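J.: What follows is a structure written as structure tokens; I'll ask about it next.
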Amino acid sequence: MALAQEKYFTIDDIYALPEGEHAELIDGEIYYMAPPGTRHQRILSFLHLEIGNYIRAKKGSCEVFPAPFAVFPFGDDSKYLEPDISVVCDKHKINAHGCMGAPDWIIEIVSPSSRPMDYYTKLSLYRSAGVREYWIVDPMKQTILVYDMEHALAPVLYSFSDTVKVNIYDDLSINFSDIAGLPDFFQQ
């Protein structure tokens with residue numbers, strides 16, 4: 001008896017998904033993404049505004065993109081990811097499809113269904129692709145795990161009561177106690 005063949009998915013399968021359905025592609029396998037909850041979106045909005053306002057105030061050359069935004073971390077179609085926040089400083093990496101190559105800074109906000117992907121699979125991918133800094137924001141644990149991959153430093157764990165220094169910038173820190181103080185933050 002022959003073994004059933006697993007389907008090998010491609011970028012064409014991602015582009016063929018129904019409107020509003022989100023998934024990521026890693027080495028021929030599709031990983032479907034659950035719609036984000038309200039707390040997730042509050043954190044995403046807060047971080048996007050903080051980073052965007054900083055870049056604008058400094059007249060910086062980087063751009064910040066909230067999800068859904070396509071990232072092809074190795075510049076090819078073998079991996080297609082939609083990080084919650086991508087900061088891209090090399091304008092040549094940005095095209096009509098998204099970011100072709102590693103963003104400088106990626107933030108993933110953990111959802112119950114994304115925990116193993118964010119903590120393990122994506123960490124490995126982002127590190128090998130050359131992402132300079134990777135944050136894992138975990139609303140359930142109220143922690144921020146910061147990987148300064150550019151300097152190969154050990155990860156640093158922060159809480160939602162801390163101010164977190166952004167390593168790719170000399171003078172940007174984000175006060176996470178401002179997130180915890182948002183109205184209805186701890187409600188889903």
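J.: Run down ASP171, ASP178 and say which single residue is surrounded by fewer than 18 Cβ atoms within 10 Å (Cβ to Cβ), assigned to a helix (DSSP H, G or I) and either of a type in the set (Gly, Ala, Ser) or over 17 Å from the mean Cα position of the chain (by Cα) (or both).
T.: Only one candidate passes the filter, namely ASP178.
J.: May I ask you to verify whether SER86 is at pLDDT below 95, farther than 18 Å from TYR15 by Cβ and buried (at least 18 other Cβ atoms within 10 Å of the Cβ)?
T.: no
J.: Name every residue in segment 124-156 that is among the basic types (Lys, Arg) and either part of a helix (DSSP H, G or I) or touching a Gly at 6+ places or on another chain (Cβ under 9 Å) (or both), in order of residue number.
T.: Once the filter is applied, which keeps residues that are among the basic types (Lys, Arg) and either part of a helix (DSSP H, G or I) or touching a Gly at 6+ places or on another chain (Cβ under 9 Å) (or both), segment 124-156 yields only ARG127.
J.: Name every residue in segment 48-82 that is modelled with pLDDT of 95 or more, farther than 16 Å from VAL137 by Cβ and in contact with a helix residue (DSSP H, G or I) (Cβ under 6 Å, 6 or more places away or on another chain), in order of residue number.
T.: Answer for segment 48-82, where residues must be modelled with pLDDT of 95 or more, farther than 16 Å from VAL137 by Cβ and in contact with a helix residue (DSSP H, G or I) (Cβ under 6 Å, 6 or more places away or on another chain): CYS62, PRO73, PHE74, TYR80.
J.: Looking at (1) crowded, with 21+ Cβ neighbours inside 10 Å; (2) under 19 Å from ILE43 (Cβ atoms); (3) in contact (Cβ under 8 Å) with a residue 60 or more places away in the chain, which one does PRO103 not meet, given that it meets all the others?
T.: Among (1) crowded, with 21+ Cβ neighbours inside 10 Å; (2) under 19 Å from ILE43 (Cβ atoms); (3) in contact (Cβ under 8 Å) with a residue 60 or more places away in the chain, the lone unmet condition for PRO103 is (3).
J.: I would also like to ask the following. Out of curiosity, is ASP77 acidic (Asp, Glu), under 25 Å from GLU19 (Cβ atoms), surrounded by 19 or more Cβ atoms within 10 Å (Cβ to Cβ) and touching a residue at least 40 places away in the same chain (Cβ under 8 Å)?
T.: For ASP77, the condition - acidic (Asp, Glu), under 25 Å from GLU19 (Cβ atoms), surrounded by 19 or more Cβ atoms within 10 Å (Cβ to Cβ) and touching a residue at least 40 places away in the same chain (Cβ under 8 Å) - is not met.
J.: I want to confirm something. Restricting to segment 8-25 and keeping residues that are assigned to a strand (DSSP E or B) and within 11 Å of PRO68 (Cβ to Cβ), which single residue is nearest to the chain's Cα centre (by Cα)?
T.: Within segment 8-25, the match that is nearest to the chain's Cα centre (by Cα) is GLU24.
J.: Next question. Can you spot a residue in segment 157-165 that is out of contact with any strand residue (DSSP E or B) (no Cβ under 7 Å at 6 or more places or on another chain), surrounded by 14 or more Cβ atoms within 10 Å (Cβ to Cβ), part of a loop (DSSP other than H, G, I, E, B) and acidic (Asp, Glu)?
T.: Yes; the residues of segment 157-165 include at least one that is out of contact with any strand residue (DSSP E or B) (no Cβ under 7 Å at 6 or more places or on another chain), surrounded by 14 or more Cβ atoms within 10 Å (Cβ to Cβ), part of a loop (DSSP other than H, G, I, E, B) and acidic (Asp, Glu).
J.: Of all residues in segment 11-62, count the ones that are surrounded by 12 or more Cβ atoms within 10 Å (Cβ to Cβ), farther than 18 Å from ALA180 by Cα and of a type in the set (Phe, Trp, Tyr).
T.: Matching residues across segment 11-62 total 2.
The values are calculated or read from the model by the stated rules, or taken from the named source; none is laboratory data. All of these numbers come straight from a predicted model, not from anything done at the bench. Here Cβ is always computed from backbone atoms with ideal geometry, including for glycine, and neighbour counts include all displayed protein chains.
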